[in-house]
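A.B. asks: Before we start, here is the structure in question, set down as structure tokens.
The values are calculated or read from the model by the stated rules, or taken from the named source; none is laboratory data. From a predicted model like this one, the values you see are computed outputs, not experimental measurements. FYI the Cβ positions are ideal-geometry reconstructions off the backbone, even for glycines, and counts take in every protein chain you see.
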Amino acid sequence: MISRNLRTALLAGVGVCCMGGLGFASVPLYRMFCAATGLNGTTQRGLEAPGAVQGQKVTVAFDSNVSPALAWEFKPERRSDRIDIGGRDMAFFTAKNLSSQTLTGTASFNVTPAQVGKYFTKIQCFCFTRQTLKPGEEIRMPVIFYVDPKILDDPDARDVKEITLSYTFYPVDSAETKR
Amino acid sequence: MTDIALDHGAAHDDHAHHDADHKPGFFVRWFMSTNHKDIGTLYLIFAIIAGIIGGGISGMMRLELAHPGLQYLGAWYEFLHGPGKFDDATEFWNVLITAHGLIMVFFMVMPAMIGGFGNWFVPIMIGAPDMAFPRMNNISFWLLIPSFSLLLASPFFGGAGTGWTVYAPLSTSGSHGPAVDMAILSLHLAGASSILGAINFITTIFNMRAPGMTLHKMPLFVWSILVTAFLLLLALPVLAAAITMLLTDRNFHTAFYDASGGGDPILYQHLFWFFGHPEVYIMILPGFGMVSQIVATFSRKPVFGYLGMAYAMVAIGVVGFIVWAHHMFTTGMSVQVKMYFTAATMVIAVPTGVKIFSWIATMWGGSMSFKTPMVWALGFIFMFTVGGVTGVVLANGGVDDFMQDTYYVVAHFHYVLSLGAVFSLFAGFYYWFPKMTGRMYNELLGQLHFWIFFIGVNVLFFPMHFLGAQGMPRRMPDYPDAQAYWNLIASWGYAIMGVGMVFFFVNIFWSMFKGEKAGDNPWGEGATTLEWTLSSPPPYHQFDTLPVIEDSHHH
């Protein structure tokens, strides 16, 4: 009787541990899921653009934000580009350190509308690494990307005429406690 | 449901003579209790106290919302913390709604349903002498005390104004001070308490049924507690993980939910609602079970479609785990994801419909008597159906884009919880009051309680549908003048409900000491479950000789 009860309780305890583990495991799983499906406008990474599809164009607008905790000025050189779907495009952003200290920042990013996340592919981006600026320093930062022509076959995304690529720069703690 | 016939000469006749009814002294009995009935009583007392506090807070909210503009918030804030700015007063509103939600969910409904009635009647209904792990049962209850204390103390340390959902980033970078940490720790403790309780119930129900009590002969209330225990077991650890990460984000510079460190606040919402949706079924399933017992008893018929009823609850539990994102329709989902969650959510209406149908079919052709427990159960069925219908409306992703976070949602979940779960709690309380105390409640006071409460809550919550459709957002202490009319009516509804509650308290105190003595079975032949074969109140230790459940005739 006792051992039978104990066995049931232990099995239930294993269930509790598994679900608790699943709760924590969901952090990397969720990141992988977003990367794979473009959920929440998560962009993709690629090596080479597949080449422009004739006559299919889309406007990509650039949006820039800076966390109030980071004394930088950050803006795109052009507000938007009209590009061929499938064609490679390069856009530049400039960042300037307005403070009297050396500051390191990193950019988070996504695209809207969210359903184009899985078609928006970056080949190279300043957001892949951290950026460190000396006091008063100004840099030009490129992003190279293309929009996957598969977007034309997706009924959810087919009528998208404009994609907004958004960046937000956050400070990286000098102590490097994060990540 | 199957009739249960005791073997001849079984359990209950001569318990008064021997040691089975020997009770320990006051301190040992109530503070170190390992007796499932005493622990159940403690849970019920705890839930009533928490309900008074949580209900009092909602009274403060309805008082503030009775008229446009801020009337009382500033004074309440000043009473607690000294003079403050306008923002402090409105933040205090957030503290009130958070406290109301957390108290009612974790410290009123769950302790009453699972800890209270579950502890009291699950062992008796399956013919077991006690729970499988009586000491663990004691820990489950006493974990709630520090948990509730932490939550009640948090307003004195700034207050947790995060909503019961504790969404990041409001709960991480948006709230400073120890109050939110205290609320999170309070949730941890309450969760641990419920997980231990769930393990206990599962073990008891699987291993300690009396001879002949197969799973398919168990009373539906036991089935409901079994399904609830599994939901608790699978859902609460996910909440524990989610809020542990909240704590580390707040205190140890992690960035699970912080976009600047590569995290995502939406992840918290997914984790919370993966727990949160099963949680709403945790709160209502034991109510389903109680209502099934009561409707069968007062119709003098076995429940219609017993197996369908039992497996409808299983189905609700299973599907409850795969619909969570319908709470997050406005977080930016693709149309397909919305379609899936809309469809999956509506599917739940099918087993729920099976239950409503079966309750009505149980009454159909039955010899019904409208005693207080029965009118509460009927009130439950009506209210829950209204709340279910608005739930189907809200399940539509497109409609929800408009309805999200409006008073329509508030009306919906109060119809299923405040009117559904609470009505079933009152039904169960009146139904088992004679069994628990040995005395009958006063029928007139019980009926008055029901009718005044019924009118009050409908006047209180029905106008919220209109307010929500007009776009009044929830969690706001103020509203435009155009919405003053229905808000005032809702506040009067609260007052009517409060009058009803007076009859409840008068009734229980009067009946506890002066009530007519109840026999073993005050409800007659309709009450077929094992608790009615015992004396009222039952002996301190029941079933020294295990009852044998005969394979009775089929219906």
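Condition check ((1) in contact with a Cys (Cβ under 8 Å, 6 or more places away or on another chain); (2) within 20 Å of B:Tyr257 (Cβ to Cβ); (3) assigned by TED's automatic domain parsing to the domain that holds A:Pro149) across all residues:
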| residue | (1), (2), (3) |
| --- | --- |
| A:Leu10 | no, no, no |
| A:Gly15 | no, no, no |
| A:Cys18 | no, no, no |
| A:Gly21 | no, yes, no |
| A:Val27 | no, yes, no |
| A:Phe33 | no, yes, no |
| A:Gly46 | no, no, yes |
| A:Gly51 | no, no, yes |
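A.B. asks: May I ask you to say which residue of A:Lys161, A:Lys150, A:Lys134, A:Lys96 is out of contact with any strand residue (DSSP E or B) (no Cβ under 8 Å at 6 or more places or on another chain), touching a residue at least 24 places away in the same chain (Cβ under 8 Å) and surrounded by fewer than 16 Cβ atoms within 10 Å (Cβ to Cβ)?
C.D. replies: Testing whether each residue is out of contact with any strand residue (DSSP E or B) (no Cβ under 8 Å at 6 or more places or on another chain), touching a residue at least 24 places away in the same chain (Cβ under 8 Å) and surrounded by fewer than 16 Cβ atoms within 10 Å (Cβ to Cβ) leaves just A:Lys150.
A.B. asks: Pairs under 7 Å by beta carbon, first residue among the aromatic types (Phe, Trp, Tyr) in the stretch B:468-492, partner assigned to a helix (DSSP H, G or I), six or more apart or different chains?
C.D. replies: Matching pairs, first to second residue: B:Tyr479/B:Asn487; B:Trp486/B:Pro463; B:Trp486/B:Phe466; B:Trp486/B:Leu467; B:Trp492/B:Val459.
A.B. asks: Related question: Kindly provide the set of residues from the stretch B:168-197 that are closer than 22 Å to B:Asp264 by Cα and in a loop (DSSP other than H, G, I, E, B), ordered by number.
C.D. replies: B:Ala168, B:Pro169, B:Leu170, B:Ser171, B:Thr172, B:Ser173, B:Gly174, B:Ser175, B:His176, listed by residue number.
A.B. asks: Where residues in the stretch B:296-319 are among the aliphatic types (A, V, I, L, M) and either touching a Lys or Arg at 6+ places or on another chain (Cβ under 9 Å) or not in a helix (DSSP H, G or I) (or both), which of them is surrounded by the most Cβ atoms within 10 Å (Cβ to Cβ)?
C.D. replies: The residue in question is B:Met313.
A.B. asks: Which one of these is buried (at least 18 other Cβ atoms within 10 Å of the Cβ) and farther than 28 Å from B:Thr244 by Cα: B:Phe148, B:Phe141, B:Phe221?
C.D. replies: B:Phe221
A.B. asks: So, in the stretch B:253-284, exactly how many residues are facing chain A (nearest Cβ under 7 Å) and over 24 Å from A:Ser166 (Cα atoms)?
C.D. replies: Here the count works out to 2.
A.B. asks: Among the residues of the stretch B:332-355 satisfying the criterion of being within 15 Å of B:Gly398 (Cβ to Cβ) and polar (S, T, N, Q), which is modelled with the lowest pLDDT?
C.D. replies: Among those residues, the one meeting the criterion is B:Ser334.
A.B. asks: Shifting gears a bit: When you go through A:Ala25, A:Ala12, A:Ala49, A:Ala35 one by one, which is the residue that is closer than 24 Å to A:Ile151 by Cα and within 14 Å of another protein chain (Cβ to nearest Cβ)?
C.D. replies: A:Ala35
A.B. asks: Confirm whether A:Phe62 is out of contact with any Leu (no Cβ under 6 Å at 6 or more places or on another chain), in contact (Cβ under 8 Å) with a residue 40 or more places away in the chain, assigned to a strand (DSSP E or B) and hydrophobic (A, V, I, L, M, F, W, C).
C.D. replies: It is false that A:Phe62 is out of contact with any Leu (no Cβ under 6 Å at 6 or more places or on another chain), in contact (Cβ under 8 Å) with a residue 40 or more places away in the chain, assigned to a strand (DSSP E or B) and hydrophobic (A, V, I, L, M, F, W, C).
A.B. asks: Right, next: Of everything in the stretch A:111-120, what is in a strand (DSSP E or B) and surrounded by 21 or more Cβ atoms within 10 Å (Cβ to Cβ)? Give them in sequence order.
C.D. replies: Residues satisfying the conditions are A:Val111, A:Phe120.
A.B. asks: Additional query: Could you please find all residues in the stretch B:344-376 being part of a helix (DSSP H, G or I) and either in contact with a Lys or Arg (Cβ under 9 Å, 6 or more places away or on another chain) or basic (Lys, Arg) (or both)?
C.D. replies: B:Lys355, B:Thr362, B:Met363
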